[in-house]
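No value in this document is a laboratory result; all are computed from the given coordinates. What you are looking at is a predicted structure, and each value in this text was computed from that prediction instead of being measured. So basically every Cβ, Gly included, is an ideal-geometry build from the backbone, and we count neighbours across all protein chains shown.
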Amino acid sequence: MRERKDDVPVLVEHFIQRYNVQFRKSVTGITPEGLKLLMAYAWPGNVRELKNAIERAMILVDQDMIDVTQLPIRISEPARGSVLPQAAGDQLVKLPPEGAGLDDVEKELIQQALQYANGNKTKASKLLKISRDTLRYKVQKHGLE
């Protein structure tokens, strides 16, 4: 796909139609800003990575078009004005020199997911790739209610 950027819009449309049927949605397409980001991305995972990005966006979208906010952060960072330094690359969490407890890291990721999903626990659990029940347990465990 890196050499065939012209295929990206066609594949995006194909995957949107496919997931409209699978998820019983009626998404009409992707915003120009979202498509621009997809076209600019390097696609190290090739077509499978694009398919997964559109599937994730279709799960999260609650409007008629996919936009930048539903795209994975690694793709949409430039449009979101990410505070992560470029050197961090795909690193999700940067370990401070003094270290960090796993509970603290878990709590921070849950807070970020809930914030990103505007408090929607179903969407946040999908972002974290855990069940909604697991998320509810961890929210209670960390006192995030």
Options (1) 29, 20, 12; (2) 24, 17, 13; (3) 34, 17, 12 - which one matches semi-axes √(5λ) of the Cα gyration tensor in Å as calculated here
(1)
Let me spell out the model: positive unit charges on the Cβ of Lys and Arg, negative unit charges on the Cβ of Asp and Glu, origin at the Cα centre of the chain. What dipole size does that give, in debye rounded to 20?
420 debye
If you average the alpha carbon positions of segment 1-65 and of segment 100-144, how far apart do those two centres end up, in angstrom?
26 Å
Unit charges on C-beta of K, R, D, E only; dipole of segment 96-145, Debye
420 debye
Helical mean residue ellipticity (222 nm; -39500 (n - 2.57) per DSSP H run of 4+; nearest 500) of the chain:
-17500 deg cm²/dmol
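Over the Cα atoms of segment 1-57, what is the Rg over Rh ratio if Rh follows Kirkwood?
Here Rg/Rh amounts to 0.95.
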